[in-house]
1. Using the structure shown, decide if Ala114 is surrounded by 14 or more Cβ atoms within 10 Å (Cβ to Cβ), in contact (Cβ under 8 Å) with a residue 24 or more places away in the chain and touching a Lys or Arg at 6+ places or on another chain (Cβ under 6 Å).
2. Could you go through region 45-53 and let me know if any residue there is under 26 Å from the mean Cα position of the chain (by Cα) and at pLDDT 85 or above.
3. Looking at region 41-81, which of its residues are within 20 Å of Met266 (Cβ to Cβ) and touching an Asp or Glu at 6+ places or on another chain (Cβ under 8 Å)?
4. If you check every pair at least six apart or on different chains, which have Cβ atoms under 9 Å apart with a residue in region 92-109 that is surrounded by fewer than 22 Cβ atoms within 10 Å (Cβ to Cβ) first and a residue that is basic (Lys, Arg) second?
5. Those residues that are open to solvent by 80 Å² or more (accessible area, probe 1.4 Å) and under 20 Å from Lys240 (Cα atoms), I need them from region 41-83; list them, please.
6. Sort out which residues of region 148-183 are over 16 Å from the mean Cα position of the chain (by Cα), of a type in the set (Val, Ile, Thr) and farther than 18 Å from Lys117 by Cβ, and write them in order of number.
7. Out of Gly123, Gly192, Gly165, I need the residue that is out of contact with any Pro (no Cβ under 7 Å at 6 or more places or on another chain) and at positive phi. Which one?
8. What about Pro58, is it of a type outside the set (Phe, Trp, Tyr) and at pLDDT 80 or above?
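The values are calculated or read from the model by the stated rules, or taken from the named source; none is laboratory data. Please read these numbers as outputs of a predicted model, since none were measured by experiment. Methodologically, a virtual Cβ is constructed for each residue, glycine included, from the backbone with ideal geometry; neighbour enumeration extends over all protein chains shown. Keep in mind that these areas ignore ligands, DNA and RNA; they rest on the heavy atoms of the full protein, side chains included. Shrake-Rupley method; radii C 1.70, N 1.55, O 1.52, S 1.80 Å.
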Amino acid sequence: MKKKISHKRLGLEHRRSKIGNGFVIFLLLLLGAFMAFPLYYTVIQSLKPSEELFQFPPRLYVVRPTTEHYTELFQLMSNLWVPFSRYLFNTLFVAILGTVLHVLLAGMAAFPLAKHKFPGRDGLFNVILLGLMFVGQVTFLPTFIIISKLNMLNTYWAYLLPSIGASLGLFLIKQFIEQLPESILEAARLDGASEWRIYFQLVLPNIKPAVLTVFIFQFVNIWNGLSKELVYDEQLKVVKVALEQISASNLYARMGSGMAGSVLLMIPPIVIFILMQRNVVETMTFAGMKEG
């Protein structure tokens, strides 16, 4: 009798687990579709001919797909008085250099916060956590004032300086470093290794997933979020600003070209994320964990 009840209970639990797993999968698919919808809609809009582009209510599919907006966009880019390659160089230079500097400085700051005890450490980390609450639009005015006082307006530093000091990278790397065993670091110190050598030869290779994750996030943030108000010289502007200027010159006639430009802007961050997504998952798994 007991065996029959236990088998029946196991079957019921197995059935419940299947239903629960099915519900979780359905919920994840629903959330995934919701998050992918803006990307889908932008691509669809860029492939619509002009007569479909202004239909109301807008359709979520294309009847006669065309690439005329991409052709028009490339023609407009070739007619700019500043070569488009200059905008592309500015964007890549700022995005890559800003990301590398941020990862380097965030890692070096995260190491003492995670593995050293000094007065004010907890208060300093709380300030960093507080910085995660503010978006760029909130901090733009003080950023503008600081850049102006430092005489960095209309220079590459106007792009780079606000990007280097972001809080998210420091937070993620610190949480990852905290998972490293203290015994390994103590053994290196007993062997006479300096703190610089411990960080670059021991800590840094072991936090590769966190470094790559911060690299992705920071690259995407810089690529999409460079402020056009801090730089007004056309020779120093970036791709995003150039495409906005192209579509803004005649909003209705060039709406399709603007959508095509948005699709092109989305490609580099998506490619980088796809190539490094495993590191993102691993880092986010460790980000909220504490060593017991």
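1. yes
2. First, the residues of region 45-53 that are under 26 Å from the mean Cα position of the chain (by Cα): 45-46.
Filter once more, so that each one left must be at pLDDT 85 or above: none.
Within region 45-53, not a single residue is under 26 Å from the mean Cα position of the chain (by Cα) and at pLDDT 85 or above.
3. Hit for region 41-81 is Val62, nothing else.
4. Ala109/Lys174
5. Phe74, Gln75, Ser78, Asn79, Trp81
6. Within region 148-183, Thr155 is the sole residue that qualifies.
7. When all the criteria are applied, what remains is Gly192.
8. So Pro58 fails the test.
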